[in-house]
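What follows is one structure encoded as structure tokens, with my remarks underneath.
Rule-based calculations on the coordinates, nothing more; no lab input. Bear in mind that the values here come from a model prediction, so they are computed numbers and not experimental data. Using ideal geometry, Cβ is built from the backbone for each residue, glycine included, and neighbour counts are taken over all protein chains shown.
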Amino acid sequence: MLRAMTTYAVLSEGLEKHFGKVHALRGLDLAVPEGTVCGLLGRNGAGKTTAVRVLTTLSPPDAGTARVAGHDVRTEPHAVRAGISVTGQHTGVDGDLTGRQNLRLFARLHRLRGASGRARADGMLERFGLGEAADRPTRTYSGGMRRRLDLAACMLSRPRVLFLDEPTTGLDPVSRDGIWTAVRELADSGTTVLLTTQYLEEADRLAHEVVLVDEGRATVRGTPAQLKAEIGSYAEVVVEHERALTAAADVLTALTGSAVVVDAERRTAGAVATDPTLTLPLVVRELDAARVPLIDATLRRPTLDEAFLRLTNPAEETAA
Amino acid sequence: MTTPSVAVDRPGQWAYDGWAMMIRHLQRLRSAPSLIVLTLAAPILMLLLFGYVFGGAMALPDGADYRAYLVPGLFVSIAANGMMTGMITAAYDAQRGVMDRFRSLPVSRSAVPLGQALSEVFVAAVAMVPMVLAGLAVGWRIRGGAASALGALGLVLLFRFAAGWIGQYLGLLLGNEEAAGQLSSLIFALTLISNTYVPPTSMPGWLRTVAEWNPISAVVAACRDLTGNALPQPGAAWPVAHPVAGALVWSLVLLAVFVPLAVRRFARSGR
Ligand SMILES: Nc1ncnc2c1ncn2[C@@H]1O[C@H](COP(=O)(O)OP(=O)(O)OP(=O)(O)O)[C@@H](O)[C@H]1O
Ligand SMILES: [Mg+2]
């Protein structure tokens with residue numbers, strides 16, 4: 001019932017894209033509800049940029065369908081373009097023009113004409129802290145300034161759907177925070193955002209839903225919290241002497257039911273726990289009952305980074 | 001494969017987008033003053049080089065003045081230079097991320113090349129001013145009426161517009177600036193195999209045919225005709241024998257061929 005009422009700002013089914021022998025997209029399915037932020041996460045070469053280019057009409061798909069901002073990217077690209085803005089992985093401003101000239105040009109092309117268009121462009125420069133550099137050619141800007149100008153250009157037209165391809169790669173923490181704030185404000189005002197990133201923290205902070213992309217497919221999706229829950233938590237104990245490790249490992253196996261990783265040098269034993277009812281006091285009580293001389297015990301939620309590594313490399317994980 | 005989409009906008013919108021893109025090109029020029037100086041000075045250097053270094057050795061039929069013959073030819077080389085600048089600019093732009101932003105905007109695919117071609121016309125109009133003054137200084141005169149002289153200017157600008165589209169198509173085809181720079185020198189050769197510097201009547205028969213069918217020749221002949229500096233050219237090929245019509249037809253044919261090619265190429269590049 002609820003599902004039927006959801007409208008999707010981005011909806012793709014079975015997108016395929018080849019570059020010669022390279023199969024960049026192999027049936028990518030995406031569904032981003034209107035007004036949400038979706039984070040595409042994936043390693044280098046996973047197909048994130050290709051996905052963004054196909055969804056923004058820059059590159060036609062070889063197979064599959066995609067509707068963006070209510071229109072089909074293949075048959076109504078012009079209508080799609082009217083509802084979107086995109087910031088590519090590489091800067092999308094003209095290095096030979098000043099920041100102001102760039103924004104005024106994009107304002108004109110967005111049909112924001114005359115004095116009101118110029119005022120909007122100038123306002124965006126101020127809002128993104130580029131007022132002082134506005135009349136310098138953008139090739140003299142730092143990477144962070146150029147990114148901010150890119151974003152300002154994207155937001156000129158109040159797009160329905162905003163695509164950001166690795167918006168904070170190579171930025172210092174302050175610039176990154178600035179961009180996060182801007183994206184969050186935009187999302188709060190109702191714009192749908194699809195962003196790609198390699199930083200899980202970014203997805204964690206911004207995205208309502210995270211989609212892991214691997215070899216051109218969406219492999220796992222869920223809220224950041226769900227993804228973390230899916231891989232469970234990690235129990236690790238430190239014991240007094242090496243001889244106690246076997247006993248500790250037995251207890252952990254009994255508690256978690258999963259393979260225990262033992263590190264004799266650090267005198268640690270650890271295991272992944274998927275059972276949400278497992279608590280730290282329980283772990284400690286069981287170890288105590290087995291007379292394991294305990295120094296330290298932790299049960300921690302994995303970071304999204306660990307979740308990402310586990311979910312994209314299941315083979316390596318079981319081998320460990 | 002889908003066909004490149006064309007804006008669903010009204011023509012006024014299309015012209016406005018082209019205008020916005022033209023401003024972009026002119027703003028870029030402003031940040032490269034040395035390029036402006038070169039653009040203005042190069043044709044005048046050619047005038048001095050050919051007019052005075054080679055000029056003495058050039059014998060024209062009926063003892064006509066060589067420098068007065070040369071000046072209209074150089075007007076047209078200003079126009080033909082649009083091929084070089086169009087090519088280099090398009091190749092330079094093709095490698096820039098800003099093109100993706102343009103392609104993702106709801107503007108016509110032809111707005112970018114149209115803006116570039118319009119800026120070519122603007123640059124040529126400016127470059128004509130010192131060239132006309134230099135021409136007058138070396139003895140070239142407008143011997144027809146002012147209306148025909150303006151007609152000649154119109155043909156020069158129309159040809160520069162067409163040359164801008166040809167250049168952009170070639171630039172997008174090459175896709176990189178170095179290659180575009182190399183090809184530019186070959187384009188100069190195109191002006192040599194025409195009536196710009198020497199009358200084709202002095203060339204071997206086959207070369208004369210090539211030179212007279214060179215679109216540049218028709219425009220040069222029209223400029224000489226309209227400014228009252230025409231030489232008799234017995235047995236010339238049709239575009240040179242009917243130079244005004246020839247210049248118009250050639251420019252329109254080149255536009256009809258290269259506008260769609262450049263727009264298609266522009267819409268498809270970067271996939
Ligand atoms: N124009 C192209 N020509 C040839 N191959 C391409 C082209 N664009 C992308 N590819 C290939 O397609 C695959 C996916 O590339 P894509 O750029 O989408 O990855 P990505 O997830 O964005 O990676 P990154 O994190 O490095 O930006 C890669 O193997 C890449 O080499
Ligand atoms: Mg990428």
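Treating only the Cβ atoms of Lys and Arg (+1) and Asp and Glu (-1) as charged, compute the dipole magnitude of chain B about its Cα centre; round to the nearest 20 debye. Write down the numbers at each step before the final one.
Details: 18 positive and 11 negative charges, 119 e Å.
Around 560 debye, computed over chain B.
Gyration tensor analysis over the Cα atoms of the range A:232-301 returns equivalent ellipsoid semi-axes of 17, 12, 10 Å (largest first, whole Å). Ranked by the mean number of other Cβ atoms within 10 Å of their residues, highest first, the peptides A:190-196, A:111-117, A:250-256 fall in the order A:190-196, A:250-256, A:111-117.
Using only alpha carbons, build the gyration tensor for the protein assembly as shown and give me the equivalent ellipsoid semi-axes, biggest first, whole Å.
On the way: eigenvalues 897, 102, 90 Å².
Semi-axes (√(5λ), whole Å): 67, 23, 21.
Averaged over peptide B:89-100, the number of partner chain Cβ atoms lying within 10 Å of each residue's Cβ comes to 4. Per-residue Cβ neighbour counts within 10 Å put A:E236, A:E286 in the sequence A:E286, A:E236, beginning with the fewest.
Could you tell me how far the Cα centroid of the range A:77-104 sits from the Cα centroid of the range A:262-294, in Å? Using only Cα atoms, the two centres lie 54 Å from each other. Counting every pair of alpha carbons in the range B:1-159, the share spaced more than 21 Å apart comes to 55 percent. Rounded to the nearest 0.05, the FRET efficiency derived from the C-beta distance between A:T6 and B:S185 at R0 = 51 Å is 0.25. For the range B:23-69 versus the range A:114-145, the inter-centroid distance based on Cα atoms is 40 Å. Ranking B:L150, B:M203, A:L112 by how far each Cα lies toward the positive end of the dipole of the protein assembly as shown (charges on Cβ) leaves B:L150 at the top. Computed on the Cα trace of chain A, the radius of gyration divided by the Kirkwood hydrodynamic radius gives Rg/Rh = 1.09.
Kirkwood hydrodynamic radius, the range B:122-271, all distinct C-alpha pairs: what's the number in Å? Let's see the in-between values first.
Details: mean 1/r = 0.0599 Å⁻¹.
One decimal place: 16.7 Å for the Kirkwood radius.
Computed from Cα atoms alone, the Kirkwood hydrodynamic radius reported for the range B:11-268 is 18.7 Å.
Placing +1 on each Lys and Arg Cβ and -1 on each Asp and Glu Cβ, with no other charges, gives the range A:140-196 a dipole about its Cα centre of roughly 160 debye.
Pull out the extension gain between B:S34 and B:L150, defined as 0.36 nm times the separation in residues minus the alpha carbon to alpha carbon distance; nm, one decimal. Don't jump to the answer; show the numbers that get you there.
Details: separation 116, 0.36 × 116 = 41.76 nm, distance 2.92 nm.
Contour length minus the Cα-Cα distance gives 38.8 nm.
Working note: Debye formula, equal point scatterers on the alpha-carbon atoms of the range B:33-87, no solvent; log10 I(q)/I(0) at q = 0.13, 0.32 Å⁻¹ is -0.39, -1.25.
Positive-end ranking of A:I84, A:T253, B:A236 along the dipole of the protein assembly as shown, with charges on Cβ about the Cα centre, is headed by B:A236.
Think of chain B as having a plus end and a minus end, set by charges on the Cβ of Lys, Arg, Asp and Glu; of B:S251, B:G18, B:S34, B:G18 sits farthest toward the positive end of this dipole.
Counting partner chain Cβ atoms within 10 Å of every residue's Cβ in A:111-123, what's the average? Working shown, then result.
Working: counts 7, 0, 2, 0, 0, 0, 0, 0, 0, 0, 0, 0, 0.
Counting Cβ atoms of other protein chains within 10 Å of each residue's Cβ and averaging gives 1.
With +1 on each Lys and Arg Cβ and -1 on each Asp and Glu Cβ, how big is the dipole of chain A about its Cα centre, in debye rounded to the nearest 20? Show your work: numbers first, answer last.
Working: 39 positive and 41 negative charges, 338 e Å.
That gives a dipole near 1620 debye.
Whole angstrom only: what separates the Cα centroid of the range B:170-185 from the Cα centroid of the range A:153-205? The range B:170-185 and the range A:153-205 have Cα centres separated by 37 Å.
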